[in-house]
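Report on one structure; see the data block that follows.
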Amino acid sequence: MVIPGQTPPTNLDEFLEGIWKQNPVFVMVLGLCPALAVTVSAVNALAMGAATTFVLLGSALLVSLMRRIVPREVRIATYIVIIATFVTIVDYLIAAISLELYEALGAFIQLIVVNCMILGRAEAHASKFAPGRALINALGMGIGFSIGLFALGSVREILGAGTLFGVPLFGPDFQPWVVMVLPPGGFFVLGAWLLLFNWWRNRKPAPREPVVAAGEASHG
Amino acid sequence: MAEATLTQIFLATVLANNFVLAMFLGLCPFIGVSGRLNTALPMGAATSFVMLVASLCAYGLNYLVTVFELEFLRLISYIVIIASAVQLVEMVMKKYSPALFRALGIYLPLITTNCAILGVALFQTAREYSLAQALVFALGAGAGFTLALLLMAGLRERLNLAGVPNVVQGTALSLMLAGLLSLAFMGFAGLGAGE
């Protein structure tokens with residue numbers, strides 16, 4: 001997002017925006033459906049992250065190139081069709097690379113189309129800027145999304161199966177928390193991550209202005 | 001799969017495989033609109049309606065796409081159909097209930113990007129449902145979505161009165177609640193035997 005009156009962001013800022021300041025999973029809480037559905041293992045999470053990044057990059061490039069010729073009234077429909085095209089490519093690509101992965105991710109690859117994050121990026125960023133900048137921003141967003149998915153997937157795999165990337169971590173006596181790989185676990189783990197981020201953000205200004213922080217705490 | 005009875009499909013989609021709580025479809029509106037009961041119900045109804053229309057259209061489209069061997073166009077044509085259906089619902093609602101139209105705000109056009117709708121279309125294709133089965137499936141998905149939305153809205157209205165620490169407030173709390181609801185819905189696993 002460019003706020004008027006500020007110095008224009010550098011390329012590095014554009015790139016880092018998606019990874020930290022506007023992280024799609026932890027800050028904006030967008031694109032949750034794939035984030036929760038496929039993150040039962042770290043491998044699935046990374047594959048989903050890579051597929052989404054590819055679609056983000058492709059759609060950002062095309063939307064940015066066409067930003068002057070698409071009429072305003074039909075822009076959303078145009079974006080959706082562009083995104084759907086790239087998702088179809090990814091869908092066939094994954095099926096060609098690994099059938100096992102394709103079956104694990106199932107319909108959720110095609111559901112990348114309706115990942116609100118991608119349409120949101122197309123509308124809020126790619127349609128306003130030149131291709132280079134749009135691509136950098138899309139790459140940052142994609143990596144940020146992948147990090148978020150990995151954070152979810154690794155925790156769920158470690159707790160739910162006692163493994164990471166299929167490698168056992170705790171020895172034979174570990175009793176897996178099966179609930180973590182079931183749907184409720186997805187909600188719990190994401191909730192816990194958000195909790196952590198909230199806590200971190202709330203305590204940051206505390207050392208400088210302890211009085212204000214104490215006042216805020218008493219409201220809760 | 002194809003021999004599952006209609007009742008089984010309906011029960012399985014409403015309870016055991018609830019779209020929101022067990023399959024994580026349609027989470028954006030689930031977190032976004034479930035703050036109050038009086039917007040949750042119309043949102044659920046609008047989504048269910050779009051689901052039914054989308055399911056019907058997807059069935060016809062799938063037939064066409066298969067006949068002409070254009071499978072790679074399936075996804076694109078589905079999403080275009082859904083976007084048109086949402087546009088229709090939006091126009092009808094704006095004409096007959098402007099207040100509701102304003103209350104739902106941005107979440108109404110966002111039904112297009114509601115994964116639950118495309119999910120209905122994709123899953124009915126993947127499971128090779130017949131027309132009747134597909135429609136019952138869409139109906140069950142809509143009912144399940146509305147049920148989850150209503151349950152969540154009720155819980156969150158009650159939570160407004162509860163003293164919750166600052167850190168937990170907001171989406172984190174909603175997700176934890178959804179987790180508990182999802183845990184409760186796990187109790188229905190196996191019901192309908194459609195899976």
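The values are calculated or read from the model by the stated rules, or taken from the named source; none is laboratory data. What you see is a predicted model, and the numbers here were worked out from it, not measured in a lab. Backbone-built Cβ (ideal geometry, glycine too); neighbour counts: all protein chains shown.
The one condition from (1) more than 12 Å from chain B (Cβ to nearest Cβ); (2) of a type outside the set (Asp, Glu); (3) buried (at least 18 other Cβ atoms within 10 Å of the Cβ) that A:Ala122 does not meet is (1).
Assess whether A:Gly171 counts as being out of contact with any Asp or Glu (no Cβ under 6 Å at 6 or more places or on another chain), without any contact (Cβ under 8 Å) to a residue 60 or more places away in the chain, of a type outside the set (S, T, N, Q) and in a helix (DSSP H, G or I). Judged against the criteria, A:Gly171 is not a match.
Quick one: would you say B:Ala132 is more than 22 Å from A:Phe188 (Cβ to Cβ), modelled with pLDDT of 85 or more, more than 7 Å from every other protein chain (Cβ to nearest Cβ) and over 18 Å from the mean Cα position of the chain (by Cα)? For B:Ala132, the condition - more than 22 Å from A:Phe188 (Cβ to Cβ), modelled with pLDDT of 85 or more, more than 7 Å from every other protein chain (Cβ to nearest Cβ) and over 18 Å from the mean Cα position of the chain (by Cα) - is met. From the list A:Phe165, A:Phe129, the lone residue that is among the aromatic types (Phe, Trp, Tyr), in contact with a helix residue (DSSP H, G or I) (Cβ under 6 Å, 6 or more places away or on another chain), more than 14 Å from every other protein chain (Cβ to nearest Cβ) and touching a residue at least 40 places away in the same chain (Cβ under 8 Å) is A:Phe165.
Per-residue answers, yes or no, for (1) modelled with pLDDT of 90 or more; (2) surrounded by 13 or more Cβ atoms within 10 Å (Cβ to Cβ); (3) touching a Lys or Arg at 6+ places or on another chain (Cβ under 8 Å); (4) not in a helix (DSSP H, G or I):
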site: A:Glu14; (1), (2), (3), (4): no, yes, yes, no
site: A:Glu17; (1), (2), (3), (4): no, yes, no, no
site: A:Leu30; (1), (2), (3), (4): no, yes, no, yes
site: A:Ala35; (1), (2), (3), (4): no, yes, no, no
site: A:Val43; (1), (2), (3), (4): no, yes, no, no
site: A:Ala51; (1), (2), (3), (4): yes, yes, no, no
site: A:Leu56; (1), (2), (3), (4): yes, yes, yes, no
site: A:Arg67; (1), (2), (3), (4): no, yes, yes, yes
site: A:Thr78; (1), (2), (3), (4): no, yes, no, no
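Yes/no matrix, rows are residues, columns are (1) modelled with pLDDT of 85 or more; (2) in a loop (DSSP other than H, G, I, E, B); (3) out of contact with any Leu (no Cβ under 7 Å at 6 or more places or on another chain); (4) surrounded by 15 or more Cβ atoms within 10 Å (Cβ to Cβ):
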| position | (1), (2), (3), (4) |
| --- | --- |
| B:Ile81 | no, no, no, yes |
| B:Leu110 | no, no, yes, yes |
| B:Phe137 | yes, no, yes, yes |
| B:Glu157 | yes, no, no, yes |
| B:Leu181 | yes, no, no, yes |
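Within segment A:93-148, if we keep just the residues that are polar (S, T, N, Q) and in contact with an Asp or Glu (Cβ under 9 Å, 6 or more places away or on another chain), the residue that is nearest to A:Arg68 (Cα to Cα) turns out to be A:Asn137. Scanning segment A:174-219 for residues that are modelled with pLDDT under 75, in a loop (DSSP other than H, G, I, E, B) and either within 23 Å of the chain's Cα centre (by Cα) or surrounded by 11 or more Cβ atoms within 10 Å (Cβ to Cβ) (or both) gives A:Pro205, A:Ala206, A:Glu209.
Entry remark, segment B:61-79: residues being within 14 Å of chain A (Cβ to nearest Cβ) and either touching a Phe, Trp or Tyr at 6+ places or on another chain (Cβ under 8 Å) or not in a helix (DSSP H, G or I) (or both) number 3 in total.
Suppose the filter is assigned to a helix (DSSP H, G or I) and either closer than 26 Å to B:Met23 by Cβ or aliphatic (A, V, I, L, M) (or both); does A:Asn23 pass it? No; evaluated as a whole, the condition is false for this residue. Just one of (1) within 14 Å of chain B (Cβ to nearest Cβ); (2) of a type in the set (Asp, Glu); (3) not in a helix (DSSP H, G or I) fails for A:Glu103. It is (3). Being of a type in the set (Ser, Thr, Tyr), more than 9 Å from every other protein chain (Cβ to nearest Cβ), surrounded by 14 or more Cβ atoms within 10 Å (Cβ to Cβ) and touching a Gly at 6+ places or on another chain (Cβ under 9 Å) is the requirement here; does A:Ser146 meet it? Here the answer is yes, as A:Ser146 does meet what is asked. The selection criterion, being of a type in the set (A, V, I, L, M, F, W, C), more than 10 Å from chain A (Cβ to nearest Cβ), assigned to a helix (DSSP H, G or I) and touching a residue at least 60 places away in the same chain (Cβ under 8 Å), holds for B:Leu104.
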